[in-house]
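See structure below.
The values are calculated or read from the model by the stated rules, or taken from the named source; none is laboratory data. The model shown is predicted, which means the values in this text are computed figures rather than measured ones. Virtual Cβ from ideal backbone geometry, glycine too; neighbours counted across all protein chains shown.
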Amino acid sequence: MPRLPLLLSGADNHVMEVRGLVDSGATVSVLPFSIGQQLGGKWSESDAKFQLGGKLSRVASIPLILTAQVGLFHPVRLGFAWTQSDTVPIILGLNNFFQQFDVFFYRSELEFEIKPRK
């Protein structure tokens with residue numbers, strides 16, 4: 001599975017190094033509860049909720065915007081469906097990771113490459 005190391009930071013400027021699953025089949029990016037909390041997220045049941053699919057369809061989630069830095073690329077703002085569960089991995093999905101980066105999968109070599117969008 002393609003995992004990407006990146007630095008995430010929240011509104012409180014706390015920075016955390018994480019590894020996210022690069023998933024071109026995921027509609028949205030997903031963040032586990034404890035990581036969002038550590039980055040300064042405040043859970044509120046009244047916030048707009050995402051309806052996730054598959055095995056996450058019963059897990060409550062709300063939007064959380066973080067700053068992400070991948071390697072030496074300029075930091076970008078990423079939106080996540082912040083879940084109320086720690087059983088989910090960090091997923092980097094179409095909205096909006098793939099809108100910020102071009103991703104190239106080299107399946108036969110078990111490698112992938114990313115570049116900032118132009």
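Worth a mention:
- Residue ID - modelled with the lowest pLDDT, chosen from residues in the range 5-30 that are touching a Gly at 6+ places or on another chain (Cβ under 8 Å) and hydrophobic (A, V, I, L, M, F, W, C): ALA11
- Residues in the range 29-64 that are outside any loop (DSSP other than H, G, I, E, B) and in contact (Cβ under 8 Å) with a residue 12 or more places away in the chain: VAL30, LEU31, PHE33, SER34, ILE35, GLY36, GLN38, LEU56, SER61, ILE62, PRO63, LEU64.
- When residues of the range 7-32 are limited to those that are more than 20 Å from LEU94 (Cα to Cα) and out of contact with any strand residue (DSSP E or B) (no Cβ under 6 Å at 6 or more places or on another chain), the one surrounded by the most Cβ atoms within 10 Å (Cβ to Cβ): ALA11
- Scanning the range 69-83 for residues that are surrounded by fewer than 15 Cβ atoms within 10 Å (Cβ to Cβ) and either of a type outside the set (Lys, Arg) or farther than 19 Å from VAL15 by Cα (or both) yields GLY71, LEU72, PHE73, HIS74, PRO75.
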